[in-house]
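Report on one structure; see the data block that follows.
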Amino acid sequence: MPIDLPRVRADTPGVEHVAHLNNAGASLPPRVVTETVVEHLHRESSIGGYEAAAEAAERTEAVYASIARLLGASVHEIAVVDNATRAWDMVVYGFPFQPGDRVLTARAEYASNAIALLQLARRHEIEIVLIDDDEHGQIDLDHLEAELERGAALVSLTHVPTNGGLVNPAAEVGARCRAHGAFFMLDACQAAGQLPLDVAELGCDALSATGRKYLRGPRGTGLLYVRDAWIGRIEPPMLDLHSAEWTGPDTYEVRGDARRFETWECSHAARLGLGAAVDHALEVGVADGWARLRDLGEELRRRLGALDRVTVHDKGLVRGGIVTFTVDGVPAADVGAALSRAGVNTSTTTPSHSRQDGRDLPATVRASVHYYNVEDDLDRLLDVVAAL
């Protein structure tokens with residue numbers, strides 16, 4: 001059913017001040033998220049940090065249950081960390097690679113992941129294999145199948161890339177990985193909160209995501225899912241007294257749940273804020289929000305594409321709320337600056353963010369919609385771009 005847009009916007013104070021089309025960077029948080037974070041910080045200042053954490057222990061524990069519900073996972077398969085990169089790193093850097101292992105990745109791979117894979121290739125003497133795009137610009141499933149048949153230890157896929165509307169067919173990738181016994185690491189950084197995610201349907205062995213983007217949570221929060229069958233087979237690249245127990249002078253035992261991928265110190269205020277954001281997303285309805293922001297994304301693409309000198313660079317059979325474009329003769333940074341002066345938030349992507357993309361794109365403007373955006377937000381962007 002359609003979301004209650006007046007209520008959603010009333011719960012989002014930021015919409016009164018700006019046309020926020022930078023949700024792929026960091027969304028405007030709903031009021032409940034800000035209030036939850038600030039309330040806990042005030043409590044820390046009143047009674048002490050350790051004491052406030054103890055007081056909020058049940059609420060903090062409930063964050064794991066909320067994330068598990070969001071992903072269709074079990075609570076013991078969930079870890080809460082400080083960002084999506086840390087979540088991804090804890091699994092992939094802890095993966096039991098052997099020299100000669102093959103890792104398959106796609107052209108849409110996020111830059112941080114690609115850099116990490118290059119480092120791991122040097123460290124473990126593994127081979128990185130790039131899977132081509134198909135004619136629609138998404139991962140080529142036939143090429144993936146052929147390379148899986150040759151053998152692969154791990155497949156790393158970015159579900160929704162940072163530089164365009166593409167939504168990769170993650171469930172189809174997961175089914176193929178499961179059939180060939182390859183570990184499937186899914187980067188859902190831009191997907192979580194934007195579209196429904198069910199780890200069983202996706203067939204992923206691990207999933208990483210952030211709180212600040214489409215989940216509308218605080219910065220400095222991330223989440224990780226690791227399938228139960230793999231938790232004990234991946235030893236985190238770093239341990240502390242939270243992720244492991246010091247059992248004797250020369251021995252330790254790593255936790256048996258996904259919290260082995262956490263460290264002890266964290267922002268309890270931010271963690272509670274993440275839980276509030278996940279609960280808010282579940283209340284609004286991720287599927288309903290996805291339907292609205294998808295429509296907004298397509299409307300923005302259509303209207304931008306109708307302007308002279310504007311080229312939209314999105315690809316994929318399924319496209320979401322991230323829209324990238326260029327204006328002939330105007331650098332992306334200048335377009336972004338003009339939009340900012342008009343109270344329209346966007347961002348830019350550079351070629352260094354997507355060196356495997358294969359299209360040789362220049363820097364592009366990235367306008368990313370969310371379900372709380374309205375037609376007036378699009379109008380404001382289009383008026384500025386048309387006048388350049």
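The values are calculated or read from the model by the stated rules, or taken from the named source; none is laboratory data. All values reported here derive from a predicted model rather than from experimental measurement. Backbone-built Cβ (ideal geometry, glycine too); neighbour counts: all protein chains shown.
Miscellaneous remarks
- Residue check, Ser112 of a type in the set (S, T, N, Q), farther than 26 Å from Asp314 by Cβ and either surrounded by fewer than 19 Cβ atoms within 10 Å (Cβ to Cβ) or out of contact with any strand residue (DSSP E or B) (no Cβ under 9 Å at 6 or more places or on another chain) (or both): no
- Any chance Asn168 is modelled with pLDDT under 95, polar (S, T, N, Q), at negative phi and under 16 Å from the mean Cα position of the chain (by Cα): no
- Boolean, His159 is modelled with pLDDT of 95 or more, closer than 15 Å to Glu172 by Cβ and surrounded by fewer than 22 Cβ atoms within 10 Å (Cβ to Cβ): no
- The residue list Ala79, Ala62, Ala24, Ala68 contains one member that is within 25 Å of the chain's Cα centre (by Cα), farther than 25 Å from Ser347 by Cα and not in a helix (DSSP H, G or I), which is Ala79.
- Exclusive hit being within 22 Å of the chain's Cα centre (by Cα) and either modelled with pLDDT of 95 or more or not in a strand (DSSP E or B) (or both), set Leu144, Leu118: Leu118
- Cys204 being at pLDDT 95 or above and either in a loop (DSSP other than H, G, I, E, B) or on the phi > 0 side of the Ramachandran plot (or both): yes
- All strands (runs of 3 or more DSSP E) inside the range 302-382 with 3 or more residues being β-branched (Val, Ile, Thr) and over 26 Å from Met1 (Cα atoms): 310-312, 322-327
- The lone criterion from (1) in contact (Cβ under 8 Å) with a residue 12 or more places away in the chain; (2) surrounded by fewer than 24 Cβ atoms within 10 Å (Cβ to Cβ) left unmet by Ala146 is number (1).
- Residues in the range 315-346 that are of a type in the set (D, E, K, R) and at pLDDT 95 or above: Arg319, Asp328, Asp334, Arg341.
- Pair list, Cβ under 8 Å, 6 or more apart: the range 320-348 residue without any contact (Cβ under 8 Å) to a residue 24 or more places away in the chain, other residue not aliphatic (A, V, I, L, M): Asp328/Arg309; Asp328/Thr311; Gly329/Arg309; Ser340/Thr346; Thr348/Gly336; Thr348/Thr364; Thr348/Arg366
- Top-ranked residue in the range 281-296 [being more than 17 Å from the chain's Cα centre (by Cα) and crowded, with 18+ Cβ neighbours inside 10 Å; ranked as farthest from Leu166 (Cα to Cα)]: Val284
- So Leu224, is it in a strand (DSSP E or B) and free of Cβ contacts under 8 Å to residues at least 40 places away in the same chain: no
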